[in-house]
Amino acid sequence: MLTVQGVHLWRGDRHVLRGLSFEGQPGKCVLLTGKNGAGKTTLIRAIAGLLDPEEGQVFWRGAPARARRDEFHTELAYLGHEPPLKGDLSARENLRYSIGIRRSVTTAEIDAALTRTGANAFADRATRMLSAGQKRRVALAGVLLANAVLWLLDEPTTNLDADGQQLVRDLIGEQLAREGIVVAAVHHSLALPAEQLVALELGQS
Amino acid sequence: MATWTWFHRLASPPHVYAFARRWTPWFGGFAALAMCAALYGGLVLAPEDYQQKDAFRMVYVHAPTAWLSLMIYTTMAVAAAVGLIWRMKVAHAAAAACAPVGAWFTVAALGTGMLWGKPMWGAYWVWDPRLTAELVLLFLYFGYMGLRAGIEDPAKADKASAVLAVVGVINVPIIKFSVEWWNSLHQTATVMQMGKPKMDFDMLWPLLLMFLAFALYFVAVLLIRLRAELLRRERNASWVREVLA
Amino acid sequence: MKTRVLKTTALAAARLVAVRDLRLAFRKPSQVIQPLMFFMIVATLFPLTLTPEMSRLRDAAPGVLWIGALLSSLLALEFLFRDDAVDGTLEQFALSGQSLTWMLFAKTCTHWMLTGLPLALSAPIAAAALGVSMGAMAGVVASLALGSFAMSLVGAIGAGLTLGARRGGVLLSLLTLPLAVPILIFGARATQLAINGGDIAPPMYLLGAIAVLGVTLAPLAAAAAVRIGLE
């Protein structure tokens, strides 16, 4: 469903992505590994459509993702390095707005998602008062609520304790069980069943 | 098919570089010829203006530089738009090369305008609408160059300044209209319209020739700057190494 | 994957963004109050540089009010997109599948309601200090309100373009000021006519025309600029 074909991308002078091609199939998690600066974040942002490859294309459901960008985005949930939260709003309010602009969402759904990611206890505090790990749990609830087929996760386990990392594994597992696709950039390997994994190491010429 | 080849060549840096290298001397040469002829025609051959006497001869430098400052901004915006829509690196390089040239033409227009103003109005600056609009145009150029300089990533700088150039070019007629409207509200009795005095053909042909001369000069300078831009942008490419060898 | 979701319409999404911004502004009112204070201070500093004579000040009043409004709005434009860009929510807007143009238009309108509109409404205080008679106040407020709205629209383009730039604040001013010249000319003329008891309709119509042009084109340009800035 997701096809990346011959993608070249330069950041300034650096040839970061050199002719990358791979497929993302439903029920599989594409794991991007590589050193710092290898291009994991760049690739994820390129798939999301935030960056434009100089050469090559990203295809979604057989059509170029750029051509049907808005439709592609409705099926996509993106989580970057920093959890996208407004510090002055509570977790609940944040989710109500960030998901609300995509689709109608009920309070019950928000509560359920926050409970699933273990963020219910601090869901009504202003997010600037939360720790980095707590913020990430709220952001993960947002990913859940997006009801997206494709998850693009850039280092999803950052700042999470052991429980949190298990949570990420579980969430990814559940997404794959729903026939969703996950593309995740990680520093250390994610212990997922081998048949669900497609490993891609970046940074080798 | 032939048109597509032409379009592809236009987008390819080595081809454009070669084209620029070959044609710069021609443009420069013809520009120099035309300038000499126009200067002779304007300063020597053309008769005195009935009102302004010899002072009107300033028009031969002032008017072409003013027209060109505007024409270059438009060219810059078109090149930037082409670069944005069709994602052509060469177009972005051309837009970047245009900007300093256009800014200098604007400065020249302002300078010659002020020098003309002294004999005409007794003062170097009287907020004449055309000169005021030129001043705002200069600020538009500064904004464009400032934005380019302020963004680190070159590709981002290209695209952002392209948006600015397009927005600017849409704004230019509005700015001109508003400045002229403003000036007309406070019309003083003795405002002498800077610009064309009644011109018969003897006076007109050097002006048109001078415009052509400056336009050719602009193309020559643009081609030189474009070559430098292309070399800088593509410095890691193989064709550059071959060219410089 | 089977999901039955009710996709939010572009307008509903824009409205949600506006509500969010209003809520955020109420929780951090300093961002809104500071540009207003700046305007007041600038307007009161001018007489110190000119003269205490009311009649002379009245002549200078349109210029003082408008330059003060211009500088204040440039200051306020800093926070139109910056916070959202920094914490990643702007990126999420761009990835939401909704019309970024509409959402940015909503943000700009909300921003004007929080900055330009209060400025216009409090301008009578500054105007009175510059010798403007009470009867002229309606015209002063109207011209500043419409002009600051147009300013917000034009400024949104600059704000989007300077998202990724160093020294963004100064650059924003450099970019926006030339584009704001027509607004300044028509708006100041309207204020001047109001103060002198003339008919403010002609310049107001021209100002309105610019605002309409801004409404149609500025959010598009701002959305393009923001997407470029997010790269």
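Bear in mind that the values in this text are calculations on the coordinates, not laboratory data. Because the structure is a prediction, the values reported are computed rather than measured. So basically every Cβ, Gly included, is an ideal-geometry build from the backbone, and we count neighbours across all protein chains shown.
Counting only DSSP beta bridges whose two residues both lie in the protein assembly as shown, roughly 50 percent are antiparallel.
Estimated at 0.36 nm per residue, the fully extended path between residue A:161 and residue A:36 surpasses their Cα-Cα distance by 42.8 nm. Taking the C-alpha atoms only, the angle from helix B:13-39 to the longest principal axis of chain B is near 20 degrees. What the pair-distance distribution of region C:169-231 shows, using all Cα-Cα distances binned every 5 Å from zero, is 4, 16, 17, 21, 16, 11, 8, 4, 2, 1, 0 percent. Across chain C, Cα pairs under 8 Å and at least six residues apart give a relative contact order of 25 percent. With coordinates expressed along the principal axes, the C-alpha atoms belonging to region A:4-85 extend over 32, 32, 23 Å, beginning with the largest. Over all directions, the projected convex hull of the C-alpha atoms in region B:1-88 averages 8.2 nm² in area. Fewest-first ordering of A:88, A:13 by other beta carbons within 10 Å of each residue's beta carbon gives A:13, A:88. Axis of helix A:91-100 versus longest Cα principal axis of chain A: the two differ by about 50°, to the nearest ten degrees.
Across region C:122-231, the relative contact order, built from alpha-carbon pairs under 8 Å that are at least six residues apart, equals 40 percent.
The sum of -39500 (n - 2.57) across all DSSP H runs of n ≥ 4, divided by the residue count of the protein assembly as shown, sets its helix-only mean residue ellipticity at 222 nm to -22000 deg cm²/dmol.
Rounded to the nearest 20 debye, the dipole magnitude of region C:1-89 is 700 debye, with +1 charges on Lys and Arg beta carbons, -1 on Asp and Glu beta carbons, and the Cα centre as origin. Among B:124, B:50, sorting on how many other beta-carbon atoms sit within 10 Å of each Cβ, with the fewest leading, yields B:50, B:124.
For the pair residue B:104 and residue B:48, a Förster radius of 22 Å applied to the C-beta separation gives a FRET efficiency near 0.15, rounded to the nearest 0.05. For residue A:181, nonlocal amide neighbours, meaning residues 5 or more places apart or on other chains whose placed amide H falls under 5 Å from its own, are A:27, A:150, A:151. Converting phi to 3J(HN,Hα) with the Karplus coefficients 6.51, -1.76 and 1.60 and the offset θ = phi - 60°, region A:125-136 yields 8, 4, 5, 6, 8, 8, 6, 4, x, 5, 4, 5 Hz in sequence order, with x at every glycine or proline.
Other protein chain C-beta atoms within 10 Å of residue C-beta, averaged over A:101-107: 6. Ranking B:71, B:81, B:41 by Cα position along the charge dipole of region B:37-172, where only Lys, Arg, Asp and Glu carry charges on their C-beta atoms, puts B:81 farthest toward the positive end.
The Rg/Rh ratio for region B:73-204, using Cα coordinates for both the radius of gyration and the Kirkwood hydrodynamic radius, is 1.07. Shielding of peptide B:117-123 by partners, expressed as the average count of other chain Cβ atoms within 10 Å per residue Cβ, is 0. Springs between Cα atoms under 10 Å define the GNM used for chain B, and in it the highest mean-square fluctuation of B:172, B:90, B:44 occurs at B:44. Taking the Kirkwood radius as Rh and the Cα radius of gyration as Rg, region A:117-205 has a ratio of Rg/Rh equal to 0.99. Beyond 27 Å, what share of the Cα-Cα pairs of chain A remains, rounded to the nearest whole percent? Cα-Cα pairs of chain A separated by over 27 Å account for 30 percent.
Rounded to whole numbers, the Karplus 3J(HN,Hα) couplings from phi for region B:104-119 are 5, 4, 5, 4, 4, 5, 5, x, 5, x, 5, 5, 6, x, 4, x Hz, using 6.51 cos²θ - 1.76 cosθ + 1.60 with θ = phi - 60°, and x at Gly and Pro.
What's log10 of I(q)/I(0) for region B:120-169 at q = 0.21, 0.27 Å⁻¹, Debye sum over Cα points only, no solvent? Taken in order of the listed q values, log10 I(q)/I(0) reads -0.72, -0.96. Peptide packing: for C:110-123, A:15-28, the average count of neighbouring Cβ atoms within 10 Å per residue gives the ranking C:110-123, A:15-28, highest mean first.
Ignoring aspartates and glutamates fewer than eight residues from residue A:86 along the same chain, the ones with Cα atoms less than 14 angstrom from its Cα are A:124, C:21, C:83, C:84, C:87, C:91. On the principal axes of its alpha carbon atoms, chain C extends 74, 34, 31 Å, with the longest extent given first.
The Cα-based radius of gyration of chain B, divided by its Kirkwood radius, gives an Rg/Rh of 1.03.
Amide H contacts under 5 Å for residue A:56: A:8, restricted to partners 5 or more places along the chain or on a different chain, H placed in the peptide plane at 1.01 Å from N. Name the most mobile residue of A:38, A:139, A:162, meaning the one with the largest mean-square fluctuation, in a Gaussian network model of chain A with Cα contacts below 10 Å. Looking only at A:38, A:139, A:162, the biggest GNM fluctuation is shown by A:162. In degrees, nearest 10, range 0 to 90: what is the angle between the Cα axis of helix B:129-150 and the longest Cα principal axis of chain B? On a 0 to 90 degree scale, this one is about 20. According to the calculation over all Cα-Cα pairs in the protein assembly as shown, the P(r) per 10 Å bin from zero is 3, 13, 20, 21, 18, 13, 7, 3, 1, 0 %.
Sequence gap at least 6, Cα distance under 8 Å: using those rules, report the relative contact order of chain A to the nearest whole percent.
Numbers: 370 pairs, mean separation 64.2, N = 205.
So the answer I get is 31 percent.
On the principal axes of its alpha-carbon atoms, region B:96-145 has extents of 38, 15, 11 Å, going from largest to smallest. Across peptide C:94-104, the average count of Cβ atoms from other chains found within 10 Å of a residue's Cβ is 5. Cβ-to-Cβ counts within 10 Å put B:106, C:216 in ascending order as C:216, B:106, the fewest first.
Structure note, pairs A:40/B:159; B:156/C:107; A:28/B:159; C:7/C:28; B:156/C:7: Cα-Cα distances above 26 angstrom occur for A:28/B:159; C:7/C:28; B:156/C:7.
Phi-derived couplings, Karplus 6.51 cos²θ - 1.76 cosθ + 1.60 at θ = phi - 60°, listed residue by residue for region A:45-55: 5, 5, 4, 5, x, 6, 10, 9, x, 5, 9 Hz, with x used for Gly and Pro.
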